[in-house]
1. Based on the mean of other beta carbon atoms within 10 Å per residue, what is the order of 86-94, 113-121, most packed first?
2. With a Förster radius of 35 Å, plug the Cβ-Cβ distance of TYR131 and LYS182 into 1/(1 + (r/R0)^6) and report the FRET value to the nearest 0.05.
3. Set the Förster distance to 51 Å, then compute FRET efficiency between SER18 and ARG204 from the Cβ-Cβ distance, nearest 0.05.
4. Residues in the range 201-223, backbone N under 20 Å from the label point at GLU251 (7 Å along the Cα-to-beta-carbon vector): list them, ranges by number please.
5. Hey, if you put +1 on the Cβ of every Lys and Arg and -1 on every Asp and Glu Cβ in the range 86-152, which of SER136, LEU124, LEU149 ends up farthest toward the positive end of that dipole?
6. Specify the inter-centroid distance of the range 189-235 and the range 128-170, based on alpha-carbon positions, in whole Å.
7. How long, wide and thick is the chain, going by the Cα atoms along their three principal axes, in whole angstroms, largest first?
8. Using a cut-off of 13 Å between beta-carbons, work out the net charge of the residues near PHE243 (Lys and Arg +1, Asp and Glu -1, PHE243 not included).
Amino acid sequence: MNFLKLEHIHHTYFSKASATTALSDISLEIEKGEFVSFLGPSGCGKTTLLSIIAGLIKPTEGSILLEDRTVDQTERLIGYMLQQDYLFPWKTIEENILLGLKISGLIDSTKANYAFSLLEQMGLKEYEKQYPKQLSGGMRQRVALVRTLVMEPKLLMLDEPFSALDYQTKLRLEDLVSETLKSFGKTAILVTHDIGEAIAMSDRIFLFSARPGRIHKIFTVPKELKGLTPFQARNHESYAKLFQEIWKELESLEAK
């Protein structure tokens, strides 16, 4: 059984003056526990496709099944981590990570203890009484990850979550997120413009062509990279080879 299955997804945005096709005939399957990346030029519909998978946008055509259920039947199975952390500045870190549980009516001592244990794993236990403005950007993104994981989603959507961070923090957070998701056996989809990030973190990479977005090519990350942390993977010879291969494909798309 495929964990996530998309069949013939088309999506067109309509306005009074025009119709713009963002996605055309997207079909793909993702296995449980797999980490995949959506890579491609700006405007190729990667974030639109994430929104469709999450049920935030209804596709013009096509179907989506998550664990053999339609998206509207999968409440609380999907978690989102975005470029901005969207923490509430007037709430403490503790209040921020528990907010989703409270809104959903799921809060109890077991869930709260789980949230605090996640915060400790992220190295943030001593900051639970502080406010977001007192934390660095990387620390706030770690809080955002805790807030997402505490809801125990089966599928995580990562929409360029590291792009606003400085390079050193980005590399550290890539390692932390990758290790955390592997330890929990989570399935994840990463949207990124960064070829290196896609290679270092993924099992497979879906390369999209320009608008309307189509799957141009699928790359399988070499087995020898999958057992490494993202930082270690960047220093492996197989990384450079795959980077060049994907780079050439991207250049060929831009030349069309």
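1. Numbers: 86-94: 15.3, 113-121: 16.9.
Per-residue mean Cβ counts within 10 Å order the peptides as 113-121, 86-94.
2. Numbers: r = 31 Å, r/R0 = 0.88.
With R0 = 35 Å, the Cβ-Cβ based efficiency is 0.70.
3. Working: r = 34 Å, r/R0 = 0.67.
That gives a FRET efficiency of 0.90.
4. From the range 201-223, the list is 207-210, 216-219.
5. Among SER136, LEU124, LEU149, the one farthest towards the positive end of the dipole of the range 86-152 is SER136.
6. The range 189-235 and the range 128-170 have Cα centres separated by 21 Å.
7. In descending order, the Cα extents are 53, 46, 39 Å.
8. Values: positive: ARG234, LYS241, LYS248; negative: ASP194, GLU197, GLU237, GLU245, GLU249, GLU251.
Summing Lys/Arg as +1 and Asp/Glu as -1 gives -3.
The numbers here are math on the coordinates, done by the rules we state, and not lab data. Just so we're clear, the structure is a prediction, and the values are computed from it rather than from any experiment. Note: ideal-geometry Cβ built from the backbone for every residue, glycine included; neighbour counts use all protein chains shown.
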